[in-house]
Amino acid sequence: MQKNNLKHFFHLHFLVLIAGFTAILGELITNSSVVIVWHRMLIGSVLLGLYMLASNRSFKIDFKFFLKYSFLGLVISLHWITFFEAIEQSNISVTLAMFSTAAFFTSFIEPIFYKRSVVYYEVILGFLVVCGIFMIFNAEFQYLKGIVLGLISAFLASLFSVLNGLMVKENSAITISFFEFISGVFFISIFLMFNNEFSSVIIDDLFSLNYLYIFLLGSVCTAYAFMASVYLLKYISPYSLVLTYNLEPIYGIILALIFFGDNEKMSLPFYIGFFLILFSVLTNMYIKKKVNK
């Protein structure tokens with residue numbers, strides 16, 4: 001039993017490492033943020049669709065659910081677009097530092113949808129997050145656009161996770177994600193057509209290194225990572241899963257330093273601000289676990 005638990009523990013951390021590697025691929029891929037997300041969601045939806053066929057899952061859903069999933073598809077696509085654009089406008093370290101504020105946003109969004117009051121310790125920890133953001137903002141002002149886009153991305157990720165948590169009660173997570181991805185492809189396609197940029201999604205050489213990165217993003221970092229995390233929920237509590245995924249910015253920043261070296265080295269105030277944000281997030285999760293017990 002302990003051996004199985006250890007296996008699932010390492011599998012979970014491997015998934016978090018993959019999540020951190022997403023930012024590395026975002027830096028390596030030469031296409032625009034919109035095109036990256038279009039391909040990511042298309043590849044993800046195709047692979048999830050094939051999985052649904054192989055496991056005899058039904059594609060039939062009520063129209064009202066389809067509309068809800070479509071809205072969430074728009075939210076997650078905007079989250080990914082702003083995430084990759086933040087990397088483009090700054091670097092991986094700044095983007096992931098801002099992305100780590102998602103839990104901070106969740107602590108204020110969740111009470112609205114779950115109809116509970118904001119508790120005092122969330123306000124205190126939220127203040128620490130604001131202090132961390134302020135330190136990063138002052139230390140890395142030249143990356144202002146990336147900081148703002150990173151915060152928007154974190155907010156959208158938080159909104160998506162809260163709303164998706166409500167949707168999972170109505171249908172399976174894989175079915176919901178399939179329709180979210182399909183909807184995301186649809187909305188991005190409409191945007192590109194209105195801007196006469198749809199031709200930009202066409203990749204001239206499918207066997208290029210650039211498209212290999214895109215395929216890894218859509219398959220390993222999206223479809224596989226998602227299905228594997230759903231599978232792990234059979235053996236690991238949702239709390240442990242969420243808590244471990246909060247390590248994604250740390251994994252991502254370490255990977256960025258390994259892959260890109262000096263381009264990702266930041267000032268001391270940046271790392272102090274990042275530590276404040278991460279400390280508040282992990283403390284919040286720890287207190288919640290104690291309160292739930």
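The values are calculated or read from the model by the stated rules, or taken from the named source; none is laboratory data. Quantities reported herein were computed from a predicted structural model and do not represent experimental measurements. In this analysis, Cβ positions are derived from the backbone assuming ideal geometry, glycine residues included, and neighbour counts consider all displayed protein chains.
A few comments on the model shown:
- Candidate set: the range 196-238, residues that are small (Gly, Ala, Ser) and under 17 Å from Ser32 (Cα atoms); chosen: the one modelled with the highest pLDDT: Gly218
- Candidates Ser237, Ser200: the one that is surrounded by 14 or more Cβ atoms within 10 Å (Cβ to Cβ), polar (S, T, N, Q), farther than 21 Å from Phe99 by Cα and out of contact with any Phe, Trp or Tyr (no Cβ under 8 Å at 6 or more places or on another chain) is Ser200.
- Residue that is at pLDDT below 85 and among the hydrophobic types (A, V, I, L, M, F, W, C), where the choices are Leu243, Leu255: Leu243
- Those residues of the range 1-58 which are among the β-branched types (Val, Ile, Thr) and in a helix (DSSP H, G or I), in sequence order: Val16, Ile18, Thr22, Ile24, Val34, Val35, Ile36, Val37, Ile43, Val46
- Conditions (1) touching a residue at least 60 places away in the same chain (Cβ under 8 Å); (2) more than 19 Å from the chain's Cα centre (by Cα); (3) more than 20 Å from Gly44 (Cα to Cα); number of the one not met by Phe141: (1)
- Subset of the range 129-142 [surrounded by fewer than 18 Cβ atoms within 10 Å (Cβ to Cβ) and within 21 Å of Ser107 (Cα to Cα)]: Val130, Cys131, Phe134
- Only one of the numbered conditions (1) at pLDDT 90 or above; (2) under 15 Å from Thr101 (Cα atoms) is violated by Leu268, and that is (2).
- Matching option when the condition is at pLDDT below 95, within 17 Å of the chain's Cα centre (by Cα), part of a helix (DSSP H, G or I) and crowded, with 18+ Cβ neighbours inside 10 Å, among Ala97, Ala86: Ala97
- Just one of the listed residues (Ser117, Ser100) is among the polar types (S, T, N, Q) and either touching a strand residue (DSSP E or B) at 6+ places or on another chain (Cβ under 9 Å) or farther than 27 Å from Ser33 by Cα (or both), namely Ser117.
- Only residues that are at pLDDT 90 or above and surrounded by fewer than 21 Cβ atoms within 10 Å (Cβ to Cβ) were counted in the range 183-195, giving 8.
- Tally of residues being within 18 Å of Phe279 (Cβ to Cβ) and crowded, with 18+ Cβ neighbours inside 10 Å across the range 248-266: 6
- Meets criteria (under 22 Å from Ser93 (Cα atoms) and touching a residue at least 40 places away in the same chain (Cβ under 8 Å)) for Ile253: yes
- Residue match in the range 42-60 (condition: touching a Leu at 6+ places or on another chain (Cβ under 8 Å) and surrounded by 24 or more Cβ atoms within 10 Å (Cβ to Cβ)): no
- Residue count for the range 110-123 satisfying the condition of being assigned to a helix (DSSP H, G or I), free of Cβ contacts under 8 Å to residues at least 60 places away in the same chain and surrounded by 13 or more Cβ atoms within 10 Å (Cβ to Cβ): 2.
- Search result, residues across the range 180-218 that are over 21 Å from Asn164 (Cα atoms), of a type outside the set (A, V, I, L, M) and in a helix (DSSP H, G or I): Ser189, Phe191, Phe194, Phe198, Ser199, Ser200, Asn210, Tyr211, Tyr213, Phe215
- Of all the criteria given as (1) crowded, with 20+ Cβ neighbours inside 10 Å; (2) touching a Ser or Thr at 6+ places or on another chain (Cβ under 8 Å), the one not satisfied by Phe21 is (2).
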